[in-house]
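Report on the structure given below.
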Amino acid sequence: MRVNFTVNGRPQEADDVWEGESLLYVLRERLGLPGSKNACEQGECGSCTVRLDGVPVCSCLVAAGQVEGRDVVTVEGLADYARQRSSGTGARGGTSLDEAKGWQAKGADSQTGEGAGLSPVQQAFIDAGAVQCGFCTPGLLVAADEMLERNPNPTDADIREALSGNLCRCTGYEKIMDAVRLAAARQSEGV
Amino acid sequence: MPANGAPTKITQGSQTKGGIGESTLRPDGTLKVTGEFAYSSDMWHEDMLWGQILRSTVAHAEIVSIDTSEALAMPGVYAVMTYDDLPTEVRNYGLEIQDTPVLAHGKVRHHGEPVAIVAADHPETARRAAAKIKVDYKELPVITDEASATAPDAILVHENRDDHHAGHVPHPNIVHRQPIVRGNVAEARGRADVIVTGEYTFGMQDQAFLGPESGLAVPEEDGGVHLYIATQWLHSDLRQMAPVLGLPEEKVRMTLAGVGGAFGGREDLSMQIHACLLALRTGKPVKIVYNRFESFFGHVHRHPAKLHYEHGATRDGKLTHMKCRIVLDGGAYASASPAVVGNAASLSVGPYVVDDVDIEAIALYTNNPPCGAMRGFGAVQACFAYEAQMDKLAKELGLDPVEFRQLNAMEQGTVMPTGQPVDSPAPVAELLRRVKAMPMPPERQWESSEGADVRQLPGGLSNTTHGEGVVRGVGYAVGIKNVGFSEGFDDYSTAKVRMEVVGGEPVATVHTAMAEVGQGGVTVHAQIARTELGVAQVTIHPADTQVGSAGSTSASRQTYVTGGAVRYACELVRERVLEIGRRKFGSYHPAWATAELLLEGGKVVTDGGEVLADLADVLEDEAVEVEEEWRHRPTEPFDLRTGQGNGHVQYSFAAHRAVVEVDTELGLVKVIELACAQDVGKALNPLSVIGQIQGGTTQGLGVAVMEEIVVDPKTAKVKNPSFTDYLIPTILDTPTIPVDVLELADEHAPYGLRGIGEAPTLSSTPAVLAAIRDATGLELNRTPVRPEHLTGT
């Protein structure tokens, strides 16, 4: 089947999709957007979290056909999404299909954040040491960003509740807590 | 055409000094937060096929027949391979003992053993084709524990053993046995005023790294293959793979793809050989990605263990003797079992002074899932048991459990049961003091102005209590872990360091085969290069087999050994740079010949701070490159009868205090706080050090209260291979983890550092258990603790 939907603000068309394919598979293997991760593929770990019409979902549990005509934001579009949210504009840029298919790891400098154009929550994860192996990071970023959108001044208990669907095996979550607190503080200070 | 997602060089540090001791940020951090970092499961290649493994549905059986015809006939299927299709006579692999078949040969020995492999143009086609392979099994009785393994009529899991342990083990179903005998236990026992014994059980823990086993094998024009892989040790994989593929090692190129955690679970091969076999067979790139269900079958686990301990002490609280017997279940294949046995035996006393000991550790061959390396490696199981014993003794003697431990704590100069003196700081008593001195979390921390916040209570949002039946407990534990590969292993690392001028700026490039699995080795390598070479910019070359071995990312060894190799290579580069400088500028200033010279801030300076030259002027268009191996001091094997020998390189110590609250009616536990104090020698990157300690602590928490692979004792089949049924701590299960870092230099190690990754995983578990015992008064001799153990239901 053919599935038409919007990813990170750009219309996308996926062809020859099997009925059994998940949104996660289509993003990763058909659209060249492997940022959403495949840690469990059974809806338990949250590493594949994306926003579907604004709502955080495990993309491994969404059948590709269900996203027809809908709007998806992945970690690859998070920085743009945050930028547009803060500037209050509706239209969004994102990654073109050709760009996505030709993606290659680039050597950006995380010491300075130079040339990366990160969202506040992405920068906070780096600064706080919340990234180790990083496999849980994309899902956590999407979930944390969504929580901060709803609740700009979360308590620790709020953060834990919002991120309880995202497993991390490396950090013991302490630095993730630090990162979200840091992002919230920077957001409220307007930095 | 290169594979999509092939790693590229990462350059860091255009602005900060960023040498050792600073919390510089990860060079791969930006890639990881934008989703651009390519993990092994993200690799992609035009025209690639998908590989799938068919695994045994039974634990122990003869294979009567395999029929692949229906699978082969499916449209989209390119290849189906079984044992009979393997290209050479080398058809087994293994870390130490080559007992593991690449594909089952006439017999399967555990649930989930690979039997056949399929390549197809879509992963679902590959899965369906694998399901169409008909395997006729004739089931055999299962060996599941020591009694069934060593019964007089026991079936041998491996017949005709000829490995180097076969000659000294008491039974062919025992992989390895290590006794340690020192002093005179019978005599020392006579001095004991109290004797306590205990039988302890440690459940099977899974590494549960989040990035599934995966990789991409690309056939090359010279008949070889290029594998992009997530592993802990590229060269160990290569050594095991090449003979099976029938290729010389130079025709098997290995590049480290992004690794989504490891924790020991990637020390053994998983899909490496299978992907390469299918790529070579089909002439097409082949990607294999396990799903989580398969991952539980696709790697070894932490050895479950039965531990019997006896300790004696005098009335004034001094340990007299220790006897223990540790039985580790190695499962169907050896993996790292022999080394785990050596660790369990040699660290079974814990960080205490006991001169008279009688120790035996064994690992069994059974039909249970194979077990091998996991963070803590044999020391974890022992720590759980000896720390429970310490609490029992303290209680028996009416002493404070921390004071009792401090009274018996080892220190620098203490002789281990192996006869090896501890010749660097061993601040065991001090770590206990520090962790005890940390402020306690407030009582009834779940109370808020609006009543009980159920999120802070056992049961959480299930809203099972508002504080009724909730009891607090506090527990302490301390542990000892060895650092580096032990028992005479030639544990070296290689580093290639290059220095040149790019765009007017001196730049260092560090190239090693070290597996970055999340620990932050790449961060530390850049810091070492900056410190040693005085450059701002360091480029980290992707890890591959184009450079010599870096050894394994395990045993808390990478910062020590590959870090040591990077430092050594940098020193040699510096000498060469200074030689060039002397040649060019030596006649202009006498200090070139007389002073101690350093590289700092892109310049050659004297130790007095006088600038002699810019590195850019010294090097001009010349590049200096050095590739060298570096070794820590050698170790010795343990004697097979007495266990004596200087077997370990270095020791690492951590102590924990756990505060728990238990709903005694429902048996639900909430860990409120897990404080840790650890000696790290020298924190090369304090932020990363704390991250390691908190992460290791949390894995110890997991096996205290939730994590266990459940194997049916009747069938030896795994009952919970999913994240639905195998639970790891979520952010709600994990408390705050305050960390107190002590830095007492080890003069034998680079920069005085101490390997840190594993020690916090040891003492975390027994501290939580001790706290639950304190809250409930129950004995609790097994981990993990489940609600029924607390309610008696």
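The values are calculated or read from the model by the stated rules, or taken from the named source; none is laboratory data. Everything numeric in this text was worked out from a predicted model, so none of it was measured. Cβ atoms come from the backbone with ideal geometry, glycine included; neighbour counts cover every protein chain shown.
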**OP:** Collect the residues in the range B:736-756 that are touching a helix residue (DSSP H, G or I) at 6+ places or on another chain (Cβ under 8 Å) and either closer than 17 Å to residue B:672 by Cα or polar (S, T, N, Q) (or both), keeping them in residue-number order.
**Re:** B:736, B:737, B:739
**OP:** State the number of residues belonging to the range B:754-777 that are surrounded by fewer than 24 Cβ atoms within 10 Å (Cβ to Cβ) and either farther than 14 Å from residue B:705 by Cβ or not assigned by TED's automatic domain parsing to the domain that holds residue B:729 (or both).
**Re:** 2
**OP:** Please find, within the range B:236-254, the residue that is nearest to the other protein chains (Cβ to nearest Cβ) out of those that are within 30 Å of residue B:205 (Cβ to Cβ) and either aliphatic (A, V, I, L, M) or surrounded by fewer than 24 Cβ atoms within 10 Å (Cβ to Cβ) (or both).
**Re:** B:254
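This table checks each residue for (1) in contact with a strand residue (DSSP E or B) (Cβ under 8 Å, 6 or more places away or on another chain); (2) surrounded by 24 or more Cβ atoms within 10 Å (Cβ to Cβ); (3) within 10 Å of another protein chain (Cβ to nearest Cβ).
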| position | (1), (2), (3) |
| --- | --- |
| B:28 | yes, yes, yes |
| B:35 | no, yes, yes |
| B:41 | yes, yes, yes |
| B:44 | yes, no, yes |
| B:52 | yes, yes, no |
| B:56 | yes, no, no |
| B:60 | yes, yes, no |
| B:68 | yes, no, no |
| B:78 | yes, no, no |
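Rundown of residues vs (1) within 14 Å of another protein chain (Cβ to nearest Cβ); (2) over 23 Å from residue B:292 (Cβ atoms); (3) touching a Ser or Thr at 6+ places or on another chain (Cβ under 9 Å), yes/no style:
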{"position": "B:87", "(1), (2), (3)": "no, yes, no"}
{"position": "B:92", "(1), (2), (3)": "no, yes, yes"}
{"position": "B:95", "(1), (2), (3)": "no, yes, yes"}
{"position": "B:121", "(1), (2), (3)": "yes, yes, no"}
{"position": "B:133", "(1), (2), (3)": "no, no, yes"}
Original post:
How many residues are in contact with a helix residue (DSSP H, G or I) (Cβ under 8 Å, 6 or more places away or on another chain) and surrounded by 22 or more Cβ atoms within 10 Å (Cβ to Cβ) if we restrict to the range B:116-142?
Top reply: 8
**OP:** Just give me the residues in the range B:714-757 being within 14 Å of chain A (Cβ to nearest Cβ), of a type in the set (Ser, Thr, Tyr) and either more than 23 Å from the chain's Cα centre (by Cα) or more than 30 Å from residue B:57 (Cβ to Cβ) (or both), in sequence order.
**Re:** B:724, B:730, B:734, B:736
Original post:
Tell me, which residue of the range A:136-164 that is at the interface with chain B (Cβ under 8 Å from one of its Cβ atoms) and not in a helix (DSSP H, G or I) is nearest to residue B:259 (Cα to Cα)?
Top reply: A:136
Original post:
Is the range B:698-713 home to any residue that is assigned to a loop (DSSP other than H, G, I, E, B) and more than 22 Å from the chain's Cα centre (by Cα)?
Top reply: yes
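Residue B:479: of a type in the set (Gly, Ala, Ser), within 30 Å of residue B:233 (Cβ to Cβ) and in the same structural domain as residue B:740 (by TED's automatic domain parsing), yes or no? Lay out the reasoning, then the answer.
Working: of a type in the set (Gly, Ala, Ser): yes; within 30 Å of residue B:233 (Cβ to Cβ): yes; in the same structural domain as residue B:740 (by TED's automatic domain parsing): yes.
It is true that residue B:479 is of a type in the set (Gly, Ala, Ser), within 30 Å of residue B:233 (Cβ to Cβ) and in the same structural domain as residue B:740 (by TED's automatic domain parsing).
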Original post:
Identify, please: which residue in the range A:165-191 is of a type in the set (A, V, I, L, M) and assigned to a loop (DSSP other than H, G, I, E, B) and is, among those, farthest from the other protein chains (Cβ to nearest Cβ)?
Top reply: A:191
Original post:
When you go through (1) in a strand (DSSP E or B); (2) touching a residue at least 12 places away in the same chain (Cβ under 8 Å) one by one for residue A:11, which number turns out not to apply?
Top reply: (2)
Subject >> Residue in the range A:22-43 that is modelled with the lowest pLDDT, counting only those that are assigned to a loop (DSSP other than H, G, I, E, B) and charged (D, E, K, R) >> reply: A:41
Original post:
Just wondering, is there one or more residues in the range A:59-82 that are free of Cβ contacts under 8 Å to residues at least 24 places away in the same chain, surrounded by fewer than 20 Cβ atoms within 10 Å (Cβ to Cβ), more than 22 Å from residue B:257 (Cβ to Cβ) and not small (Gly, Ala, Ser)?
Top reply: no
**OP:** Scan (1) within 27 Å of residue B:226 (Cβ to Cβ); (2) under 25 Å from the mean Cα position of the chain (by Cα) for the single condition residue B:87 breaks and write down its number.
**Re:** (2)
Original post:
Do you know which of the residues in the range B:205-225 that are assigned to a loop (DSSP other than H, G, I, E, B) and over 21 Å from residue B:292 (Cβ atoms) is nearest to the other protein chains (Cβ to nearest Cβ)?
Top reply: B:220
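Determine whether the range B:292-299 contains at least one residue that is without any contact (Cβ under 8 Å) to a residue 60 or more places away in the chain and of a type outside the set (Val, Ile, Thr).
Step one: filter the range B:292-299 for residues without any contact (Cβ under 8 Å) to a residue 60 or more places away in the chain, giving none.
Scanning the range B:292-299, I find no residue that is without any contact (Cβ under 8 Å) to a residue 60 or more places away in the chain and of a type outside the set (Val, Ile, Thr), so the answer is no.
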**OP:** Taking residue B:151 as the residue in question, decide whether it is modelled with pLDDT of 95 or more, crowded, with 21+ Cβ neighbours inside 10 Å and either farther than 23 Å from residue B:720 by Cα or not basic (Lys, Arg) (or both).
**Re:** no
**OP:** Mind telling me which of the residues A:131, A:121 ends up being in contact (Cβ under 8 Å) with a residue 60 or more places away in the chain and either at the interface with chain B (Cβ under 7 Å from one of its Cβ atoms) or under 20 Å from residue B:210 (Cβ atoms) (or both)?
**Re:** A:121
**OP:** Would you tally the residues in the range B:492-504 being touching a helix residue (DSSP H, G or I) at 6+ places or on another chain (Cβ under 7 Å) and modelled with pLDDT under 95?
**Re:** 1
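Which one is farthest from residue A:146 (Cα to Cα) among residues in the range A:62-76 that are within 14 Å of another protein chain (Cβ to nearest Cβ) and not in a helix (DSSP H, G or I)? Full working, then the answer.
Step one: of the range A:62-76, the residues within 14 Å of another protein chain (Cβ to nearest Cβ) are A:63-64, A:72-76.
After this cut, where a residue has to be not in a helix (DSSP H, G or I) as well, the list is A:63, A:72-74.
Working: A:63: 22, A:72: 13, A:73: 11, A:74: 12 Å.
The selected residue is A:63.
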Original post:
With respect to residue B:228, is the statement that it is within 14 Å of chain A (Cβ to nearest Cβ) and not in a helix (DSSP H, G or I) true?
Top reply: yes
Original post:
Would a scan of the range B:261-275 turn up a residue that is over 29 Å from the mean Cα position of the chain (by Cα) and either crowded, with 23+ Cβ neighbours inside 10 Å or in contact (Cβ under 8 Å) with a residue 60 or more places away in the chain (or both)?
Top reply: no
**OP:** From A:111, A:132, grab the single residue that is within 28 Å of residue B:41 (Cα to Cα), in a loop (DSSP other than H, G, I, E, B) and modelled with pLDDT of 95 or more.
**Re:** A:132
